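Have a look at the structure below before the remarks.
Nothing in this text is a laboratory measurement; each read-out follows from the coordinates by a stated rule. Since this is a predicted model, take the numbers as computed values, not measurements. With ideal geometry, Cβ positions are generated from the backbone for all residues, glycine too; neighbour counts draw on all protein chains shown.
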């Protein structure tokens, strides 16, 4: 757990430095054990630029804190647990960047952001060509996490190849088999969001 906590704290600081988790926004998790499920997770209200390993919590499959660590998990812990159980994720990362926020609103009417023709798409797990079309579902934000988790389960069940989803006017959720894979997905997707945003393209396919 100590090594995992250090890694999560380092990821939080790197993301803060790049403007992806300003203030206390964003949350990060990584699976420690599967049976029973234990996940390391950032606490609610933690500033990711000053995150310390001793702030990282261990939670169970019900989003309950395990052990005597202070703090409580983010209300969005249920979304992390949904991705861990439903997508087999080993790590889940949630960012609140400017470009993901803008594009999640700009493309909301289409229900998804389609990205096609960019070489950087090859950084996503299993993608081998720039000709890949990545369709990132956009979901309405909701403060009821039980209800939102059910929506995530349904939408991702209909979007089998998706590597991420966006919450409208909120931010990005992505995941990977390992923390390194998930961090790479954030880097790739945030690059693509900025490229698309700066190009001035509207909703729909981008190439």
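A few remarks follow.
- Full-extension gain in nm, residue 22 to residue 1, via 0.36 nm per residue minus C-alpha separation: 5.0 nm
- Springs join every pair of Cα atoms under 10 Å in this Gaussian network model of the chain, and among 33, 140, 181 the largest mean-square fluctuation is at 33.
- Degrees, to the nearest 10: 2-17 long Cα axis against longest axis of the chain: 40
- The three principal axes of the C-alpha atoms in the range 2-199 carry coordinate ranges of 48, 33, 31 Å, sorted with the longest axis first.
- Mean sequence separation of contacting Cα pairs (under 8 Å, at least six apart), scaled by the length of the chain, corresponds to a relative contact order of 21 percent.
- Pairwise label distance in nanometres, residue 141 with residue 60, each label 7 Å out on the Cα-Cβ vector: 3.2
- The angle separating the long axis of helix 145-157 from the principal Cα axis of greatest extent in the chain is about 50 degrees.
- Based on DSSP H segments of at least four residues, each scored -39500 (n - 2.57), the chain has a per-residue ellipticity at 222 nm of -10500 deg cm²/dmol.
- Separation of the range 21-64 from the range 84-118 is 20 Å, based on Cα centroids.
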